[in-house]
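Okay, structure first, notes after.
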Amino acid sequence: MKHQLLLTLVFSVCTAGILQAQNQRAFTKTDSLRGTITPERAWWNLTRYDLEVQPDYLTKTLKGVNTISYTVVENNGSTKMQIDLKDPLKIDEVKDAAGKKYSFKKEGSVWLIDIADQKKGTSGKLSIHYSGTPHEAIRAPWDGGWTFTKDSLGRPWMTVTCQGGAGASIWYPCKDHQSDEPDKGASLTMRVPDTLMAIGNGRLKKTTKHGDGTTSYRWEVINPINNYNIIPYIGKYINFKEVYQGEKGKLDLNYWVLDYNEQKAKNYLPKEVHNTMKSFEYWFGPYPFYEDGYQLIDVPHTGMEHQSAVAYGNWYQPGYRKRDGSGTGWGLKWDFIVIHESGHEWFGNNITSKDLADMWVHEGFTNYSETLFVDYIFGEQAGNEYNAGIRRGIRNDKPIIPTTYGVNAQGSGDMYPKGGNLLHAIKHSMNDSEKFRQILRGLNKDFYHQTVTSAQVENYISEKAGFDYSKVFDQYLRNTAIPKFEFEVKGNTVRYRYTNCIPGFNLPVVLTNNTTVLKLLPTDEWATTELKANELLMLTVEAVKSMYYIDPVQIK
Ligand SMILES: [Zn+2]
């Protein structure tokens, strides 16, 4: 029971559909159409979305139009544009700016629009009108769809969650692939009853009262954004704001909470957000979306990392709905959802994996952001304890990175705690906290607003660290065995090696105290080193365990 609770706690954060999609099954044509850059997707680069929707709370339906701007990047002979939109929503009409209509046909969740072969380098714009009853999220955020619920006073409250298997095409027509983000941003316009407020990502640009009991709110981000991060929040919201003085200047912080939460939120949220910004800007560099601001918005589910509009449902209390995934107590001293979901602004939103298979780039690094937060606020020892504590959630059921790309496959939920432990092991093994920090900041600078592969991230770390970590990444990301570190002490000689690992596994073991640094470079072959007395004292099973997710065994 406890174990079950822990698994739920550790794995279910902010990745809707991550586990349910991973039953052992053969991949279908639908998976390929969704997960691959098909010829009908390859010829065009998405440059912007302008999405307008009008949800109807009573009938749980919606109608809308997404105007998709694109440039032609290659002439591959395709005369069709692939747009994804899932049942039971349907496309009603496709038009260009001149009002010309385009024919289309449906193939599963894919809609193929007939469009003449266009000249490379030109750009275009298509408005996709759609309507219907969107899939409802039953267990948001873990399954995707619309949430039509009530707040505690019985008033309408609506939002969407759609990461992972569900995808944004569960509620609006789009190019539903992580590798292509709208380079010039996106706008989201929501038409809602006058009595409700509608929040979107970024900044409120325009409010239009229609005089028929409805008002439209137009929100906009100017930066690239993941499909699944474009999200409506509709309810009885009030706003309070601050200006945070950050690394890159003034950052607008906006809090949108239900009216009856105002006082609680004012007393509680700003401190959590300031601590988050302080520690993450220290470790990762400037918040990646100053232009769009940072918003935190009340939701009925636990939370999600929606870019510059983070969804918050953690009851204004420390922990993860009052629990601590690490079991150390450190997890009860800060708000898990504020910290974790905001961590995604750097890993997930700034740096996005091209393929869902590499999703540890989002969740491994963001899980690790928790450790770095604890380190920054409560000290290094606290960070080490938290990181070791979350290991209890690791299952080693299957690898973090699945073998198949291009089918929207996701790896083990171990991508969270084991990903965080992998990065912490690398930090310790480098024994140069500042260099490690510069690597994290470098990742966010050199891959700024980009989509990447895990391989790019892995190579970047090895190159900047000046050590080939490729076998370490393979071990923890593509294998489930936990390396055994065997060592034997005779006099002041120590003999050591790794077993139960892939050939060539070579994670350095560095142990430190105030006066001494002990550095061993074990491989899968025995090695022997003479140690000084103070170094020998440091080499214990407990010391190794506290710093590394390996299995140390002292041979006596
Ligand atoms: Zn997450």
Along the chain, longest interval not containing exposed chymotrypsin sites (Phe, Trp or Tyr not before Pro), exposed being DSSP loop plus at most 14 other Cβ atoms within 10 Å:
28-447
Can you tell me the alpha carbon radius of gyration of region 481-549 divided by the globular rule-of-thumb value 2.2 N^0.38 Å?
1.06
Can you tell which of Leu521, Leu204, Phe473 lies farthest toward the positive end of the dipole of the chain, using +1 and -1 charges on the Cβ of basic and acidic side chains (Lys, Arg; Asp, Glu)?
Leu204
When all Cα-Cα pair distances of region 467-517 are considered, the percent exceeding 14 Å is 61 percent
Estimate the FRET efficiency between Glu291 and Glu488 by the formula 1/(1 + (r/R0)^6), using the beta-carbon distance for r and 56 Å for R0, to the nearest 0.05.
0.45
Long-range alpha-carbon pairs in the chain, meaning those over 47 Å apart, account in percent for 15 percent
From Cα pairs below 8 angstrom and at least 6 apart in sequence, can you work out the relative contact order of the chain, rounded to a whole percent?
11 percent
Share of alpha-carbon pairs per 5 Å distance bin for region 352-447, given as whole %
3, 13, 21, 24, 18, 13, 6, 2, 0
Pop out the ³J(HN,Hα) list for region 47-56 in order, Karplus 6.51 cos²θ - 1.76 cosθ + 1.60 with θ = phi - 60°, rounded to Hz; leave Gly and Pro as x.
10, 6, 10, 10, 9, 10, 9, 10, x, 10
Cβ density ranking, 10 Å radius, fewest first, applied to Cys162, Cys501 yields Cys501, Cys162
Spacing of the two label points (7 Å from each Cα toward its C-beta) at Val517 and Lys101, in nm:
7.2 nm
Selection of trypsin sites (Lys or Arg not before Pro), region 267-352, meeting DSSP coil and at most 16 other Cβ within 10 Å
Arg321, Lys322, Lys333
Ratio of Rg to Rh for region 117-233, alpha carbon only, Kirkwood?
1.00
In sequence order, what are the phi-derived ³J(HN,Hα) couplings for region 57-65 according to the Karplus relation 6.51 cos²θ - 1.76 cosθ + 1.60 with θ = phi - 60°, rounded to whole Hz, with x for glycine and proline?
5, 6, 8, 6, 10, 8, 10, x, 8
Quick check on region 63-116: what are the equivalent-ellipsoid semi-axes from the Cα gyration tensor, as sqrt(5λ), descending, whole Å?
19, 15, 10
Which whole-angstrom value gives the distance between the alpha carbon centres of region 67-82 and region 376-397?
46 Å
Rule-of-thumb Rg ratio for region 41-86 [Cα; 2.2 N^0.38 Å; N residues]:
1.54
Around Glu93, which amide H atoms from residues at least 5 apart in sequence, or from another chain, sit under 5 Å from its own amide H, with H modelled in the peptide plane?
His129
Extension length gain for Asp194 and Lys120 (0.36 nm per residue less Cα distance), in nm, is 22.1 nm
For Gln450, which sequence-distant residues (separation of 5 or more, or a different chain) have an amide H within less than 5 Å of its own amide H, given hydrogens modelled in the peptide plane?
Thr352
Give me Leu440, Leu204 ranked fewest to most by other Cβ atoms within 10 Å of their Cβ, as a rough exposure proxy.
Leu204, Leu440
Normalised by the number of residues in region 81-140, what is the relative contact order in percent for Cα pairs under 8 Å and 6+ residues apart?
45 percent
Using the Kirkwood radius over C-alpha pairs as Rh, can you work out the diffusion coefficient of region 57-165 via Stokes-Einstein at 37 °C, viscosity 0.692 mPa s, in µm² per second?
206 µm²/s
Check which residues have an amide H placed less than 5 Å from Cys174's amide H, if you skip close sequence neighbours.
Asp84
Note on region 295-368: contact order normalised by length, alpha-carbon pairs under 8 Å, 6 or more apart, percent, works out to 23 percent
For region 210-353, compute Rh as the Kirkwood radius over C-alpha pairs and then the Stokes-Einstein diffusion coefficient at 37 °C and 0.692 mPa s; write the answer in µm²/s, rounded to an integer.
207 µm²/s
Projecting the Cα atoms of Val553, Ile138, Ala98 onto the charge dipole of the chain, where Lys and Arg contribute +1 and Asp and Glu -1 at Cβ, the residue farthest towards the positive end is Ile138
Note down the nm distance, to one decimal, between modelled labels 7 Å out along Cα→Cβ at Asn75 and at Ser179.
2.3 nm
What is the distance, in nm, between label points placed 7 Å from the Cα along the Cα-to-Cβ direction at His449 and at Thr36?
3.2 nm
Two decimals, Cα atoms only, Kirkwood Rh: what is Rg/Rh over region 255-304?
1.01
3J(HN,Hα) from dihedral phi, region 137-152, Karplus parametrisation 6.51/-1.76/1.60, rounded to Hz, x for glycine, proline:
7, 8, 10, 4, x, 7, 10, x, x, 7, 10, 10, 10, 10, 7, 6
Once region 313-366 is represented by equal point scatterers at the alpha-carbon sites, with solvent omitted, what log10 I(q)/I(0) does the Debye formula produce at q = 0.20, 0.30 Å⁻¹?
-0.73, -1.02
Using only helices, what value at 222 nm comes out for the chain when you add -39,500 (n - 2.57) per DSSP H run of length 4 or more and divide by the total residues, to the nearest 500 deg cm²/dmol?
-8000 deg cm²/dmol
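Read-outs: derived from the displayed coordinates by stated rules, not from any lab. A quick note: this is a predicted structure, and the numbers were derived from the prediction, not measured. In this analysis, Cβ positions are derived from the backbone assuming ideal geometry, glycine residues included, and neighbour counts consider all displayed protein chains.
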